[in-house]
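**Student:** Here it is, the structure in full.
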Protein chains: 2
Amino acid sequence: MIVAQPLTADAFSAFGDVIELTDRDSLTINDGMCQRHHDLAHLDFSDGKAGISLFDGKARQFPYSLDLVERHPFGSQAFIPMNNVPLLITVCPDENGHPGTPQAFLARADQAVNLHRGTWHGVLAPIGAQGLYAVVDRIGAGSNLEEVRFEKPYRISAPNSTNQK
Amino acid sequence: MIVAQPLTADAFSAFGDVIELTDRDSLTINDGMCQRHHDLAHLDFSDGKAGISLFDGKARQFPYSLDLVERHPFGSQAFIPMNNVPLLITVCPDENGHPGTPQAFLARADQAVNLHRGTWHGVLAPIGAQGLYAVVDRIGAGSNLEEVRFEKPYRISAPNSTNQK
């Protein structure tokens, strides 16, 4: 059993960026009425261009069965939550072109994430309710998807034992 | 008094894109568990690159006083709502380099918008509560901001007369 961890920038840094409010990189704009937290993700679309799509994903729950991971060799992929649903993010280190042992993170609804180009990750997993996400990723030619299906699925449990079923 | 209109793609098309779920441009992914509504905005960052920032904006209310508009000559700018707060969007047609008479739209919390490069618009105006938005805009060198302050502010009222104060 893999226990999901609360999502933090430090813990996630090998896989991508956590896009969240901090006390850094903030500029006051709009006559003092708005703080701009500037340029929080490392975007990389190789030979393609940036696009914004919407992902409308069915609800999942804990314990979660992770049987499929994928990666996008030609671009980063950011997920911005739009309807206050926490997102389970599963990622794997790359081991000679194959996904290693997964790690799992549970993002709060006020955290977006940007998966770095080529990061192995599970599919969209909104927890407890249908989830709507704006996705910033590469628009371009060619196949930008590699998939690996695990012979034996990993079981992922909630961060807090009190939330486990 | 300018009455804000509900935001629709048709009404907004001269100014930008409405990023929302429709029955078009949808691909089934993730073993059938997710619909990808593909590439819904016309992004243009000229000589710069795409970035994701967070805007944390103070609450505004109706009737709203519009005294300042701005535009970004070198890039489009998308606003993705993250905390379920409706956004008042004010835009103006360009008239020989100056902003014409404003139009106002109220976006639902499940609608994101992308202002086309160079569109005159008011500053961030979350209605009724502090608003958190992921912003996809140009990261690059040079001054990408023109501002115009109206001598006499425009008054903007809520879409429904029952919501007016």
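The values are calculated or read from the model by the stated rules, or taken from the named source; none is laboratory data. Since this is a predicted model, take the numbers as computed values, not measurements. We place every Cβ from the backbone using ideal geometry, glycine too, and count neighbours over all the protein chains shown. Heavy atoms of the whole protein, side chains included, go into the accessibility calculation; ligands, DNA and RNA do not. Shrake-Rupley method; radii C 1.70, N 1.55, O 1.52, S 1.80 Å.
**Student:** For the stretch B:73-141, give the percent of accessible area contributed by carbon and sulfur heavy atoms, probe 1.4 Å, rounded to a whole number.
**Tutor:** Its accessible area is 51 percent carbon and sulfur atoms.
**Student:** Now, a different point. Leaving ligands, DNA and RNA out of it, work out the accessible area of A:Met33 with a 1.4 Å probe and give it in Å² to the nearest 10.
**Tutor:** 60
**Student:** Another question, then. Only Lys, Arg, Asp and Glu count, each charged at its Cβ (+1, +1, -1, -1), so figure out the dipole size of chain A about its Cα centre, rounded to 20 debye.
**Tutor:** In total the dipole reaches around 540 debye.
**Student:** While we're here: Within the protein assembly as shown, what is the number of lysine pairs with alpha carbons under 23 Å apart, leaving out pairs fewer than eight places apart on the same chain?
**Tutor:** 7
**Student:** Hey, another quick one. What is the residue of chain A with the smallest Cβ distance to the axis taking A onto B, and what is that distance in whole Å?
**Tutor:** Result for the A and B rotation: A:Ala50, 2.
**Student:** Continuing with this model, one more query. Just to be sure I understand: if you take the accessible area of chain A alone plus chain B alone and subtract the pair, with a 1.4 Å probe, what total do you get in Å², rounded to 100?
**Tutor:** 3900
**Student:** Could you give the nm distance between label points at B:Ala9 and B:Asp110, where each point is 7 Å from its Cα heading toward the beta carbon?
**Tutor:** With each label point 7 Å from Cα toward Cβ, the separation is 1.5 nm.
**Student:** Separate question: Distances in nm, one decimal, shortest first, from B:Gly32 to the same residue in every other copy, taking the label point 7 angstrom along Cα→Cβ.
**Tutor:** Between copies, matching label points for B:Gly32 lie 5.8 nm apart.
**Student:** Residue by residue, what Karplus-based ³J(HN,Hα) values in Hz, rounded to whole numbers, does the stretch B:129-145 have, using 6.51, -1.76 and 1.60 with θ = phi - 60° and x for Gly and Pro?
**Tutor:** Running phi through 6.51 cos²θ - 1.76 cosθ + 1.60 with θ = phi - 60° gives 7, 3, x, 10, 10, 7, 10, 9, 8, 7, 10, x, 7, x, 8, 10, 9 Hz.
**Student:** Also, I was wondering about something else. Once you list every other residue whose beta carbon is under 13 Å from the beta carbon of A:His121, what net charge do they have if Lys and Arg are +1 and Asp and Glu are -1?
**Tutor:** Charge balance near A:His121 sits at -3.
**Student:** Same structure, new question: Rounded to the nearest 10 Å², what accessible area does A:Asp110 have for a 1.4 Å probe in the complete protein model?
**Tutor:** Answer for A:Asp110: close to 70 Å² accessible.
**Student:** What residues qualify as long-range amide H neighbours of A:Val113, i.e. H under 5 Å apart, gap of 5 or more or another chain, H built at 1.01 Å from N?
**Tutor:** Residues meeting the criterion, in which the H sits 1.01 Å from N, are A:Ile19, A:Phe79.
**Student:** Heavy-atom accessible surface, probe 1.4 Å, ligands and DNA/RNA ignored: which residues of the stretch B:44-73 lose at least 50 Å² versus the isolated chain?
**Tutor:** Buried on complex formation: B:Ile52, B:Leu54, B:Phe55, B:Asp56, B:Lys58.
**Student:** Provide, for q = 0.10, 0.17, 0.19 Å⁻¹, the log10 of I(q)/I(0) from a solvent-free Debye sum over equal Cα point scatterers in the stretch A:2-157.
**Tutor:** Per q value, in the given order, log10 I(q)/I(0) is -0.36, -1.03, -1.27.
**Student:** Right, next: Between copies, how far apart are the B:Val148 label points? List them in nm, one decimal, shortest first, with each point 7 Å from Cα toward Cβ, please?
**Tutor:** Here the equivalent label points are 5.6 nm apart from this one.
**Student:** Follow-up question, since we're still on this one. Which one of B:Gly32, B:Gly128, B:Gly100 has the biggest mean-square fluctuation once chain B is modelled by GNM with Cα springs under 10 Å?
**Tutor:** Top of the fluctuation ranking is B:Gly32.
**Student:** Filter the trypsin sites (Lys or Arg not before Pro) in the stretch A:1-54 to those in DSSP coil with at most 11 other Cβ atoms within 10 Å of their Cβ, and list the result.
**Tutor:** Taking the stretch A:1-54 and a limit of 11 other Cβ atoms within 10 Å, the loop trypsin sites (Lys or Arg not before Pro) found are A:Arg24.
**Student:** How far is B:Ser65 from itself in the other copies, in nm, if each label sits 7 Å out from Cα along the Cα-Cβ line, shortest first?
**Tutor:** 6.1
**Student:** With θ set to phi - 60°, apply the Karplus curve 6.51 cos²θ - 1.76 cosθ + 1.60 along the stretch A:12-17 and write out the HN-Hα couplings as whole Hz, x wherever there is a Gly or Pro.
**Tutor:** After applying 6.51 cos²θ - 1.76 cosθ + 1.60, I find 9, 4, 6, 10, x, 9 Hz.
**Student:** Kindly write out, for the stretch B:64-78 in residue order, the coupling ³J(HN,Hα) from the Karplus curve 6.51 cos²θ - 1.76 cosθ + 1.60 (θ = phi - 60°), rounded to whole Hz, with x marking Gly and Pro.
**Tutor:** 9, 9, 9, 10, 9, 10, 8, 8, 10, x, 10, x, 6, 8, 10
**Student:** Another one. Springs between alpha-carbon atoms under 10 Å, Gaussian network over chain B: tell me which of B:Ala141, B:Ala11, B:Ala112 tops the mean-square fluctuations.
**Tutor:** Of B:Ala141, B:Ala11, B:Ala112, the Gaussian network model singles out B:Ala141 as fluctuating most.
**Student:** Also: Enter the Cα centre distance for the pair the stretch A:34-53 and the stretch B:1-65, rounded to the nearest angstrom.
**Tutor:** One Cα centre to the other: 15 Å.
**Student:** Right, here's the next one. Counting only heavy atoms of the protein chains, get the accessible area per residue of chain B (1.4 Å probe) and round it to a whole Å² value.
**Tutor:** 45
**Student:** Using only helices, what value at 222 nm comes out for the protein assembly as shown when you add -39,500 (n - 2.57) per DSSP H run of length 4 or more and divide by the total residues, to the nearest 500 deg cm²/dmol?
**Tutor:** Taking each H run of at least 4 residues, the total per residue is -500 deg cm²/dmol.
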